[in-house]
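Read through the structure below, which is laid out as structure tokens, and then see the notes.
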Amino acid sequence: MDIRMPELENLRHSLSRYIQLDDDAWHAASGCFRLKHWQSDEAIFRAGETPDRLYFILEGLGRYYYLTPEGKERNKSLTRPGGLFACMRSLIARQPSLFSTQALTSNLTACISYRELTQLADNHTSWNYLTRTLLEGLAIKKEQREASFLLQDAQQRYQGFLQEYGDDAHHYPLYQVAMYLGITDVALSRIRARMGLTQL
């Protein structure tokens, strides 16, 4: 579906968290994006696929997750409006994704192929900066997540999650949050009780 108003301005507003795109750069890109609606629990892409697009999230919550050989799910990341679904391994190295992505609620995304995005970056300084900022942001987030597992206990990780996700934190199912923190549902319930957020 081609993007129309007001979705076009919604996307531009979402991207403004990274950079203010001038009118010339924006008009050059607006025709490259396509809207995609996703139902709750629908997969955006699965492990083993090689997605060639980035999906900017305009509405809804989602997740990145791994599936272990034993069939257990492990959340890699949780997504919200202003974030995106993408696999750098697939986009850059053209290798299959090792993880899957899923809408946890109904989602609305604006997607663009990596080829189109890099062409925009080659021709517009602002899109070049945006692309670099996105890649740097993913690298920083990965480092922060690794540090949280190595340097913090489960309660500290949960407190960090609440701080990072703000009001959105309370809209995720608790079992998904527990999986993201690397703990059981029972352990998260105990942490929340200690913090005065619930009763055991």
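The values are calculated or read from the model by the stated rules, or taken from the named source; none is laboratory data. Not measured: the values here are computed from a predicted model. Quick reminder, even Gly has a Cβ in these numbers, built from the backbone with ideal geometry, and neighbours come from all protein chains shown. Only protein heavy atoms, including side chains, enter the accessible area calculation; ligands, DNA and RNA are left aside. Shrake-Rupley method; radii C 1.70, N 1.55, O 1.52, S 1.80 Å.
Any idea which of R80, R74 is at pLDDT 90 or above, of a type in the set (D, E, K, R) and touching a Ser or Thr at 6+ places or on another chain (Cβ under 8 Å)?
On the way: R80 fails: touching a Ser or Thr at 6+ places or on another chain (Cβ under 8 Å).
It is R74.
If I go through segment 144-168 residue by residue, how many of them are at pLDDT below 95 and in contact with a strand residue (DSSP E or B) (Cβ under 9 Å, 6 or more places away or on another chain)?
3
So F56 clears everything in (1) closer than 25 Å to D22 by Cβ; (2) in a helix (DSSP H, G or I) except one condition, right? Which one?
The number of the failed condition is (2).
With the structure loaded, tell me whether S14 is polar (S, T, N, Q), open to solvent by less than 80 Å² (accessible area, probe 1.4 Å) and modelled with pLDDT of 90 or more or whether it fails that test. Outline the logic, then answer.
Details: polar (S, T, N, Q): yes; open to solvent by less than 80 Å² (accessible area, probe 1.4 Å): yes; modelled with pLDDT of 90 or more: no.
Spelling it out, it is not the case that S14 is polar (S, T, N, Q), open to solvent by less than 80 Å² (accessible area, probe 1.4 Å) and modelled with pLDDT of 90 or more.
Can you pull out the residues in segment 145-200 that are in contact (Cβ under 8 Å) with a residue 12 or more places away in the chain, hydrophobic (A, V, I, L, M, F, W, C) and loosely packed, with under 14 Cβ neighbours inside 10 Å?
Result: F149, L174, M195.
Got a number for residues in segment 47-72 being surrounded by fewer than 20 Cβ atoms within 10 Å (Cβ to Cβ) and closer than 17 Å to I92 by Cα?
5
Quick check on my filter: what residues within segment 107-153 are part of a loop (DSSP other than H, G, I, E, B) and either at positive phi or in contact with a Gly (Cβ under 8 Å, 6 or more places away or on another chain) (or both)?
We begin by selecting, within segment 107-153, every residue part of a loop (DSSP other than H, G, I, E, B); these are 124, 152-153.
Matches in segment 107-153: Q152 only.
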